[in-house]
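First up is the structure itself, then whatever we jot down about it.
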Amino acid sequence: MRLAAIAVAAVTVALVVWWLIVRREPALVEFPQASAEAHMGARVAFDDFVGAEACRDCHTAQYAAWRGSTHGRAGGPPSPETVIAPFDGTPIRFADAVVTPSRTPRGEYRFTVRQDHRDSVVYRVDGVIGRGHMVGGGTQGFVSRFADGTIRFLPFDYIRGEDLWFCNTNSRTDDGWVPITNGMALADCGDWPPSRILGTEPRFSNCQDCHGSQIVVAYDASARQYDTKLTSYGVNCESCHGPGRQHVDLALAGALGTSEEIAIRALGTVSTDASLEVCFQCHALKEVLEPGYLPGEDLAAYYSLGLTLVGERPLFPDGRVRTFAYQENHLFSDCYLSGSMTCVDCHDPHSQGYRDIYGQALSGRFADEQCLDCHASKARDVAAHTYHPVGSPGSQCVACHMPYLQHPEVGDHLQFARSDHTIPVPRPALEASLGLESACVMCHQDSSPAALQEQTDTWWGSLKPHKPLVRSLFEAEGAPGHVTPSRLLDPEGSHAMAQVSAVNQLVTARLRPNMLDLDPDIRTRLLAIGEHRDPDVAAVALAALHLAAGHDPAVRRALVDVVRTREDDVPSLRRRWASALGFFGDRYRASGDIVAAVTTYRKGLELLPQLPGLNLNLALAYAAAQNHGMALEQYTRALDVHPDRPLVLVNMGVTLEALGRTPDAVAAYREALALNPGEALAHLNLGNYHLRRQELDDAIRAYRNAVAADPGLARAYYYLGRTYILTNRLDSALTAARNAVQFEPGNAGAREMLRDLERAAGG
């Protein structure tokens with residue numbers, strides 16, 4: 001999420017917000033102070049990793065299986081072996097650009113981008129991501145190391161099945177993944193100019209740490225740029241087993257076998273959840289709790305799976321993909337909830353081949369044995385169970401229970417389907433109502449979902465029902481507020497992901513900050529759910545109770561007691577709890593309910609005063625309500641905790657300008673640039689300051705620095721064009737106006753400026 005603060009003309013928000021001056025709350029017991037390093041566990045360093053080659057000599061069979069696997073071949077430096085896309089000089093044509101993928105005589109892979117009225121740009125390919133392995137739609141992407149130290153994804157992707165170049169338009173035109181044609185603009189690609197980085201850094205859009213091994217990115221204040229390190233662009237042994245240096249040292253010293261200590265994770269006998277966690281490092285959407293995770297550390301201390309259901313809501317109540325997700329919806333499957341199935345019960349962890357629960361290799365992804373080992377009775381009379389001839393596609397277990405579903409956020413232009421790991425019972429009518437293509441429809445395209453549902457009912461009668469909480473969630477989505485809280489709040493429930501969704505549904509439909517009439521049963525149930533073993537379930541329930549009744553002294557004491565008694569046992573409980581309140585506050589702020597947003601953010605800061613996102617968003621909420629004094633106070637608090645956040649300084653500068661303290665605002669912008677010379681918004685706001693003072697050369701310099709730091713910053717191009725006009729540099733103004741419209745087509749002022757300049761140039 002990018003938080004931009006642009007101060008040329010103040011935008012006034014007309015709100016009646018008398019409450020936003022800090023008022024005195026009743027005396028409440030305070031939460032115990034949080035330790036800055038609480039629950040992080042043993043820290044792992046990048047130098048603790050030795051790479052896959054160090055495993056080869058001792059673990060020959062496992063290394064050979066991994067080497068030929070999709071993990072082992074997931075990416076790497078560009079070469080004829082790794083690149084499947086055509087870098088043969090054939091141009092990729094946009095409406096306003098030509099991009100040429102090619103190889104130099106020295107074997108370097110590159111993209112050359114040529115646009116009218118702009119200088120050509122060459123991007124060297126430094127890494128290959130993916131190799132088109134996935135059956136439901138295999139793609140390949142490319143990254144390049146930038147001068148600021150980041151490694152960035154280039155916006156030109158290749159899909160093997162369709163044999164074409166495509167790009168992701170969701171952040172621009174919201175059309176999903178689309179083939180590149182000469183009818184679309186280059187700026188329709190959401191990653192143009194390249195801005196999405198490898199690694200987890202909140203200042204940038206990112207893909208976290210999954211497209212490679214041991215990816216670490218951090219800002220180096222002394223070098224004034226980012227430092228990005230990784231072991232490889234593939235997925236190596238230590239991505240699962242953790243750091244291997246100490247294990248290798250023991251082996252070389254001949255000390256292995258002299259004790260039980262092997263100094264590396266042996267994954268064959270870990271618990272179900274611990275096994276799944278290894279895969280969910282990458283095969284799940286995750287909310288970042290703390291930066292800097294490396295394999296071998298406690299994943300739950302750094303990431304949350306459940307909180308994504310509060311923020312993005314990527315899944316339907318039964319776990320099917322609503323927008324985009326990975327295989328974390330396995331946590332909705334009965335094979336997990338009523339059994340103990342893990343990823344490696346079906347997938348060999350080294351070769352990625354298919355196997356049964358006994359580890360025996362299977363013929364492929366459609367082999368029934370991976371299901372029949374547990375559901376042996378279904379093999380007695382296959383036709384009686386499936387109503388399809390033995391050996392036909394309709395008789396295969398996974399054809400009906402793990403269909404390949406297109407992820408809606410991707411769109412329908414390209415195939416990107418993934419096997420449904422909720423392992424559902426086919427329900428054609430329900431699936432049609434969700435906009436999903438059921439397994440039945442995939443084969444029977446000539447039949448309507450209603451007809452297929454009727455046939456399903458005829459053959460199988462009453463289908464296995466959804467779990468009660470999932471049924472309640474479906475009903476609540478159809479009629480918010482009409483499902484009784486007792487049906488949504490189940491302290492004894494074992495379906496953790498559904499419980500998180502249910503509490504979130506209750507908050508959305510019924511709860512408000514500091515309610516005076518909260519049903520005592522809701523209080524009791526939320527507090528009981530706060531004892532749940534799953535940290536996300538507990539945290540969201542406690543956040544909901546804190547939101548609605550945290551002002552009540554008795555409730556407050558109970559919440560404080562939970563922190564005191566459970567914080568040592570529950571990974572990052574406080575961080576999850578505060579983050580959930582942050583999501584609730586974001587929801588209020590997005591809807592314009594600033595009073596509720598401020599109240600909610602402040603509750604989160606009661607738990608974690610040092611949480612950067614909450615501090616910043618509370619300040620932004622005050623600023624949106626024109627309460628600039630309180631906004632300034634909050635920015636100051638944020639900087640006291642994290643003095644190295646240039647974006648906080650930029651927003652503080654905007655607030656200082658609103659208070660008439662322009663010199664202090666300029667100082668804040670310059671301090672931000674002292675921390676990071678690439679902070680584009682600081683350059684932009686300095687340009688605005690100089691423009692208002694008619695210091696035009698200084699304004700031009702600042703705006704040019706802004707677009708150099710962020711070549712997609714449309715507003716900087718707009719003001720640069722205006723400033724060039726004032727200096728009668730109309731050719732330069734025309735270029736700036738074109739860029740402004742390219743990256744912000746809806747800016748009426750930029751479009752009018754471009755029309756006037758083109759008319760003048762034509763005349």
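The values are calculated or read from the model by the stated rules, or taken from the named source; none is laboratory data. Everything quoted here is computed from the prediction, not taken from an experiment. Every residue, glycine among them, receives a Cβ derived from its backbone with ideal geometry; neighbour counts consider all protein chains shown. For the accessible areas, the whole protein counts, side chains as well, though only heavy atoms, and no ligand, DNA or RNA atoms are used. Shrake-Rupley method; radii C 1.70, N 1.55, O 1.52, S 1.80 Å.
Some points to look at:
- Residues that are touching a Phe, Trp or Tyr at 6+ places or on another chain (Cβ under 8 Å) and either in contact (Cβ under 8 Å) with a residue 40 or more places away in the chain or of a type outside the set (A, V, I, L, M, F, W, C) (or both) within segment 343-362 comprise His347, Asp348, His350, Ser351, listed in sequence order.
- Subset of segment 93-132 (residues that are aliphatic (A, V, I, L, M), in contact (Cβ under 8 Å) with a residue 12 or more places away in the chain and touching a strand residue (DSSP E or B) at 6+ places or on another chain (Cβ under 9 Å)): Ala97, Val98, Val99, Val113, Val122, Val125, Val128, Ile129
- Selection from segment 636-668 of residues that are closer than 23 Å to Gly721 by Cα and under 29 Å from the mean Cα position of the chain (by Cα): Val650, Val654
- Those strands (runs of 3 or more DSSP E) lying entirely in segment 149-222 with at least 2 residues hydrophobic (A, V, I, L, M, F, W, C): 151-153, 164-168, 177-179, 216-220
- For segment 549-572, a residue qualifies if it is part of a helix (DSSP H, G or I) and in contact (Cβ under 8 Å) with a residue 40 or more places away in the chain, and the qualifying residues are Pro553, Arg556, Arg557, Leu559, Val560, Val563, Arg564.
- Qualifying residue in segment 385-394 (condition: more than 26 Å from His495 (Cα to Cα), assigned to a helix (DSSP H, G or I), open to solvent by less than 40 Å² (accessible area, probe 1.4 Å) and in contact with a Gly (Cβ under 9 Å, 6 or more places away or on another chain)): yes
- Residue count for segment 342-371, restricted to those that are of a type in the set (A, V, I, L, M, F, W, C), open to solvent by 40 Å² or more (accessible area, probe 1.4 Å) and assigned to a loop (DSSP other than H, G, I, E, B): 2
- Arg533 vs. criteria without any contact (Cβ under 8 Å) to a residue 12 or more places away in the chain and basic (Lys, Arg): yes
- Considering only residues in segment 467-486 that are more than 26 Å from Val425 (Cα to Cα) and of a type in the set (Gly, Ala, Ser), the one that is nearest to the chain's Cα centre (by Cα) turns out to be Gly481.
- Restricting segment 629-659 to residues that are under 15 Å from Tyr689 (Cα atoms) and touching a residue at least 60 places away in the same chain (Cβ under 8 Å) leaves a set whose member that is most open to solvent (accessible area, probe 1.4 Å) is Ala658.
- The set of residues in segment 449-464 being more than 37 Å from the chain's Cα centre (by Cα) and not in a helix (DSSP H, G or I) consists of Gly461, Ser462.
- Scope segment 671-704; condition over 14 Å from Arg224 (Cβ atoms) and either basic (Lys, Arg) or within 31 Å of the chain's Cα centre (by Cα) (or both); matching residues: Ala680, Leu681, His683, Leu684, Asn685, Arg692, Arg693, Arg701, Tyr703, Arg704
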